[in-house]
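Below is one structure; the comments refer to it alone.
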Amino acid sequence: MRRFIGYRRIGHLPAVMLALCLASSCTRPPVEPLQSPYAPPMVTSLVAGLEHQKGLVSSAVCAGTLTVGENGSASKVSLLMAGRLQPLTIKIEMTHFWGNPLLHILVRNDTVEVLSFRDKKLLIGSLRDPLFEPYLPGTLNPSALWALVRAYPDIGPYEKALSLRPQEIQLLDEAGKPLQTFAFDVQAAAPTAVTFPAQDLTLYFDRFARTGPIEYAKRCRIEPASGNRFIEVQWDDITFNRTLPEPVFSLQVPPGYRIVEIERRALE
């Protein structure tokens, strides 16, 4: 499967090490060659950079093109996303290029509502339920969705951060179980990928740009570890920190549509 330019597997890259700390202005540190994982001070610095970027954005509105690929074929639709971080609420609208709506999706924390105009029904259930995989790229979690609308890797709660491989950082829980793995560009401290092991899901980021201090990627790709499906997003326009009125986060269900509430069940 084709990868973005710059999305190279870590094991194939010449190893480097970044300077020990980010400057107070959050500029990129210089790089120095070293055939080893990041040292603990560098891990702390890179994690601080991820947390700093997360704190800069409270909402985002994005418009672009969504490409869905599966088993060697691909299709494109128009995509509009609006999201806020607290409380996490994300609205997704997928539309055919000729204007007909395809899917409207509303996520509130761990709950998802999917309005399918093709099937003429509204599905309501848990974001982690495999039932929603045909509508989303794998079993997503809220952090992965926010990373997509934010166009930058999202960092969640963790107990410990360490580096076991060059250009890579792992976040662990209290039991030492990996929660997230971040990959960084070989020439700079930009995070190019984040993996969620529990969901077998990786998000890739490419074509970084900046609006003031806010960094974001103009292209994102989501790949489940299993299967041949992927979703690629090309963002044409992104606006950050706009006040979003509550009506933005609603679904208008047409008359005659069937509403199906999926029973919540224990999901590992």
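The values are calculated or read from the model by the stated rules, or taken from the named source; none is laboratory data. Not measured: the values here are computed from a predicted model. As a convention, Cβ positions derive from the backbone with ideal geometry for all residues, glycine included, and neighbour counts pool all protein chains shown.
Overview of values
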{"quantity": "Search result, residues across the range 160-176 that are basic (K, R) and modelled with pLDDT under 95", "calculated": "R165"}
{"quantity": "Residue count, the range 161-185 (criterion: part of a loop (DSSP other than H, G, I, E, B) and in contact with a helix residue (DSSP H, G or I) (Cβ under 9 Å, 6 or more places away or on another chain))", "calculated": "5"}
{"quantity": "Criterion (closer than 28 Å to Q234 by Cβ, hydrophobic (A, V, I, L, M, F, W, C) and at pLDDT 90 or above) met by exactly one of V186, V114", "calculated": "V114"}
{"quantity": "Selected residue [aromatic (F, W, Y), surrounded by 19 or more Cβ atoms within 10 Å (Cβ to Cβ), in contact (Cβ under 8 Å) with a residue 12 or more places away in the chain and not assigned by TED's automatic domain parsing to the domain that holds P197] from F97, F132", "calculated": "F132"}
{"quantity": "Long-range neighbours under 9 Å by Cβ, at least six apart or interchain, first residue within 19 Å of K218 (Cβ to Cβ) and part of a strand (DSSP E or B) within the range 234-252, second at pLDDT 95 or above and aromatic (F, W, Y)", "calculated": "W235/Y216; I238/Y216; F240/Y216"}
{"quantity": "Of the criteria (1) out of contact with any helix residue (DSSP H, G or I) (no Cβ under 9 Å at 6 or more places or on another chain); (2) free of Cβ contacts under 8 Å to residues at least 24 places away in the same chain, which one L127 fails", "calculated": "(1)"}
{"quantity": "Total residues in the range 189-217, condition surrounded by fewer than 17 Cβ atoms within 10 Å (Cβ to Cβ), assigned to a strand (DSSP E or B) and touching a residue at least 12 places away in the same chain (Cβ under 8 Å)", "calculated": "2"}
{"quantity": "The range 153-177 - residue that is among the charged types (D, E, K, R) and under 19 Å from A189 (Cβ atoms) and, of those, nearest to the chain's Cα centre (by Cα)", "calculated": "D154"}
{"quantity": "Positions within the range 180-219 being among the aromatic types (F, W, Y) and closer than 20 Å to F230 by Cα, in sequence order", "calculated": "F182, F196, Y204, F205"}
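For every residue, the table says whether it meets (1) part of a loop (DSSP other than H, G, I, E, B); (2) assigned by TED's automatic domain parsing to the domain that holds A189; (3) crowded, with 16+ Cβ neighbours inside 10 Å; (4) touching a helix residue (DSSP H, G or I) at 6+ places or on another chain (Cβ under 6 Å).
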position	(1), (2), (3), (4)
Y38	yes, yes, yes, no
P41	no, yes, no, no
S45	no, yes, yes, no
L50	no, yes, yes, no
Q53	no, yes, yes, no
G69	no, no, yes, no
S75	no, no, no, no
S78	no, no, yes, no
M81	no, no, yes, yes
